1. Between S266 and R138, with labels modelled 7 Å along Cα→Cβ, what's the label distance in nm to one decimal, could you check?
2. What does the highest-first list of 22-29, 64-71, 189-196 look like by mean Cβ count within 10 Å?
3. Got a number for carbon plus sulfur as a percent of the range 1-106's accessible area, 1.4 Å probe?
4. Give me the accessible area per residue for the range 20-133, probe 1.4 Å, as a whole number in Å².
5. Between L24 and E62, how high is the FRET efficiency from 1/(1 + (r/R0)^6) when r is the Cβ-Cβ distance and R₀ = 41 Å? Nearest 0.05.
6. What full-extension length gain, to one decimal in nm, is calculated for S215 and I87 as 0.36 nm per residue of separation minus the Cα-Cα distance?
7. Too long at a 27 Å Cα-Cα cut-off: which of K101/K193; K48/K223; K159/K223; K101/K186?
8. Please compute, for the alpha-carbon atoms of the range 6-114, the extent along each of the three principal axes and give them in descending order in Å.
Amino acid sequence: MKQRAWSFNGFNVVNGFIMVVVVLFTLYPFIYLVAQSFSSEAAIYAGKVSVFPVEFTTKTYEVILSKPDFFRYYGNTILYSVLGTFIAVSATAVMSYPLSKAKLRLNKFFIPFVLFTMYFGGGLIPNYILVAKTLGMRDTIWAIVIPGAISAFNVILMKTFFANLPNELEEAGRVDGLGVFGIFMKITLPLSKPILATITLFVIVGMWNNWFGPSLFLQTKEKWPIALYLKQIIDNAVSPTEIGATSEQTSQIAASVKSTAMVLTSLPIICVYPFVQRYFVQGMMIGAVKG
């Protein structure tokens, strides 16, 4: 018995060590970016930066954060992310719920049709013509939050989760006098927090990092999201004066501006993830199992 207990504890030690190594390898790129963003250009070019900042400076952050447009772009991103996530999650749930019912007429037709969109999206030019010309959404918020609101992958994931819920719960709801909509709102959705959190995280990360769509459809610079603005900063990093730096600041931020832009873009998502991690893991495990 003692030998079996020792073997089990030894396995835990080895497993824990492997997990720590994996975590360190996972965190190192972000730690390196943070260290680089607070280091001087000379230290970065000399290859002295690894984990801790060298010749600590905050001038890159001062230049970027001092721009009044920066907070406007951040506000735009928050608006696009919140509204786009609400529309996407709501539409995905409404579409997935009936597809999870085997009794739905033409169910076998709709599901392959949804899957088909995973392999063929129509192409960039037809999508641009549809959004900008046909629907007239160019240079509006709807061009950012409506196209791509429903993802076939998210639909299948949520459909699988709904299909695994016990049918007895819906039958009990019917006995209590609930209709289809009442069952969906009062029984199905409250039990679907894990998959809703998972889809929410997928969508909000995509919306937060989206710069290509806005670069196509948003003509007014004041409507840009932060990702597109920071991309411009990265593109202009070889000439920092174009983002508002003075001649004294230029030598300090040319090399670290890219790291600073990436830190400012990814930090909010990193802060949100711990709060939804439990639901995210549970939703991925349950939603990926076919019932």
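The values are calculated or read from the model by the stated rules, or taken from the named source; none is laboratory data. Keep in mind that this is a model prediction, so the values were computed, not measured. Counting neighbours? That spans all protein chains shown, and the Cβs are built from the backbone with ideal geometry, glycine included. The accessibility values were calculated without ligands, DNA or RNA, using every heavy atom of the protein model including side chains. Shrake-Rupley method; radii C 1.70, N 1.55, O 1.52, S 1.80 Å.
1. Label at S266, label at R138, 3.5 nm between them.
2. Values: 22-29: 10.0, 64-71: 13.4, 189-196: 18.2.
Those peptides, ordered most packed to least, come out 189-196, 64-71, 22-29.
3. Percent of accessible area from carbon and sulfur atoms in the range 1-106: 73.
4. For the range 20-133, the per-residue accessible area is 63 Å².
5. Values: r = 31 Å, r/R0 = 0.75.
Using R0 = 41 Å, I get an efficiency of 0.85.
6. 44.0 nm
7. Working: K101/K193 19 Å; K48/K223 39 Å; K159/K223 35 Å; K101/K186 17 Å.
Too far apart for the 27 Å limit: K48/K223; K159/K223.
8. Reported extents, whole Å, longest axis first: 67, 61, 21.
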